[in-house]
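The values are calculated or read from the model by the stated rules, or taken from the named source; none is laboratory data. What you see is a predicted model; the values in this text were computed from it and never measured. Here the Cβ positions follow ideal geometry from the backbone for every residue, glycine too, while neighbour counts run over all protein chains shown. Surface accessibility is based on the protein's heavy atoms, side chains included, excluding ligands, DNA and RNA. Shrake-Rupley method; radii C 1.70, N 1.55, O 1.52, S 1.80 Å.
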Amino acid sequence: WLNAELRERFIGAGYIVISIDYRLAPETKLAAIIEDLEDAHKWVRAEGPGLFGIDPDRIAVAGGSAGGYLTLMAGFRLKPRPKALVSFYGYGDITGPWYSEPDSFYNVSPAVSKDQAYEAIGDSAVSGIPDSLTQDRARLYLYCRQQGIWPEVVAGHDPESDREWFAGYEPLRNVSSAYPPTMLLHGQADTDVPYEQSVLMAEELKRHGVGHELITNADWGHGFDFVDADKDAVKEALDRITAFLEKHLGS
């Protein structure tokens, strides 16, 4: 889940690229997923120098969509904080109407029943999905977006009656002057995560004086870095990412 050209640019510039796994919802709830993020960071810092020759004080975190959300969570949950963040179509708010109310885009699709949604969901923790089950598990996401219950299913808490529980799980509510420099990439044609999510994050970063960049394009949808990987606008965005990381991590 990393643009192949961007991966090669990272490696060519001398960066070590580490892809982390985390236990997936809904078998594992949000609190434990964030623990996995924290544990992965601790492991990379402790074992990375010996295994990969990394400098544990020069770490950046990047990810897309749910990984973009985890990237933004890394900005305040990881200690010490990463030196830089790169979020592709991520989100800092998980209790707002876009996620906690029925979604008009997903309700254009045929309705999914609860029984259909949970058909491929088990009781044991999983950190990867076989290709044969990808579409089956996708029905749960579609069902939750149609019903507007994804935050409750992932977190195990109701965002209406227990909104304060979510305080530690929303990057938008946890930006401070200590937040790492952040690059946000988000297309205005995104039908899964609203472009507004990155706009709001950029505004909050600006309010706290945090260095940031927001890269956007009117034609980009969700996953633009894969779907439009050969387009000039995406290649220009990759140039800006590598320049951003060189600035904050050093070459």
For the condition surrounded by 17 or more Cβ atoms within 10 Å (Cβ to Cβ) and not hydroxyl-bearing (Ser, Thr, Tyr), what is the one hit in Asp93, Asp158, Asp162?
Asp93
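Going by the conditions given, is Val175 hydrophobic (A, V, I, L, M, F, W, C), in contact with a Phe, Trp or Tyr (Cβ under 7 Å, 6 or more places away or on another chain), touching a residue at least 12 places away in the same chain (Cβ under 8 Å) and farther than 15 Å from Tyr99 by Cβ? Write out each step before concluding.
Details: hydrophobic (A, V, I, L, M, F, W, C): yes; in contact with a Phe, Trp or Tyr (Cβ under 7 Å, 6 or more places away or on another chain): no; touching a residue at least 12 places away in the same chain (Cβ under 8 Å): yes; farther than 15 Å from Tyr99 by Cβ: yes.
Spelling it out, it is not the case that Val175 is hydrophobic (A, V, I, L, M, F, W, C), in contact with a Phe, Trp or Tyr (Cβ under 7 Å, 6 or more places away or on another chain), touching a residue at least 12 places away in the same chain (Cβ under 8 Å) and farther than 15 Å from Tyr99 by Cβ.
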Within the range 101-152, restricting to residues that are of a type in the set (Phe, Trp, Tyr) and not in a helix (DSSP H, G or I), the one that is surrounded by the fewest Cβ atoms within 10 Å (Cβ to Cβ) is Phe105
Can you tell me which residue in the range 238-251 is nearest to Asp190 (Cα to Cα), limited to those that are surrounded by 15 or more Cβ atoms within 10 Å (Cβ to Cβ) and in contact with a Lys or Arg (Cβ under 7 Å, 6 or more places away or on another chain)?
Leu238
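Consider Leu6 carefully, then state whether it is in contact with a His (Cβ under 7 Å, 6 or more places away or on another chain), open to solvent by less than 80 Å² (accessible area, probe 1.4 Å) and more than 27 Å from Leu142 (Cα to Cα). Quick ask: steps written out before the conclusion?
Working: in contact with a His (Cβ under 7 Å, 6 or more places away or on another chain): no; open to solvent by less than 80 Å² (accessible area, probe 1.4 Å): yes; more than 27 Å from Leu142 (Cα to Cα): yes.
When the stated conditions are applied, Leu6 does not pass them.
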Cβ-Cβ under 9 Å pairs, at least 6 apart or on other chains, the range 1-23 side under 13 Å from Phe52 (Cα atoms), far side open to solvent by 50 Å² or more (accessible area, probe 1.4 Å) and not hydrophobic (A, V, I, L, M, F, W, C):
Gly14/Ser251; Tyr15/Arg9; Ile16/Gly53; Val17/Arg7
Taking the residues in the range 79-129 that are among the β-branched types (Val, Ile, Thr) and farther than 26 Å from Ala189 by Cα as candidates, determine which candidate is farthest from the chain's Cα centre (by Cα).
Ile121
In the range 220-237, how many are buried (at least 20 other Cβ atoms within 10 Å of the Cβ), part of a helix (DSSP H, G or I) and of a type outside the set (Asp, Glu)?
3
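Quick one: how many residues across the range 200-219 are part of a helix (DSSP H, G or I) and open to solvent by 40 Å² or more (accessible area, probe 1.4 Å)?
Narrowing the range 200-219 to residues part of a helix (DSSP H, G or I): 200-207.
Filter once more, keeping what is open to solvent by 40 Å² or more (accessible area, probe 1.4 Å): 200, 203, 206-207.
Residues flagged as part of a helix (DSSP H, G or I) and open to solvent by 40 Å² or more (accessible area, probe 1.4 Å) within the range 200-219 amount to 4.
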Counted residues in the range 9-30 being open to solvent by less than 70 Å² (accessible area, probe 1.4 Å), more than 22 Å from Ala117 (Cβ to Cβ) and assigned to a loop (DSSP other than H, G, I, E, B) come to 5
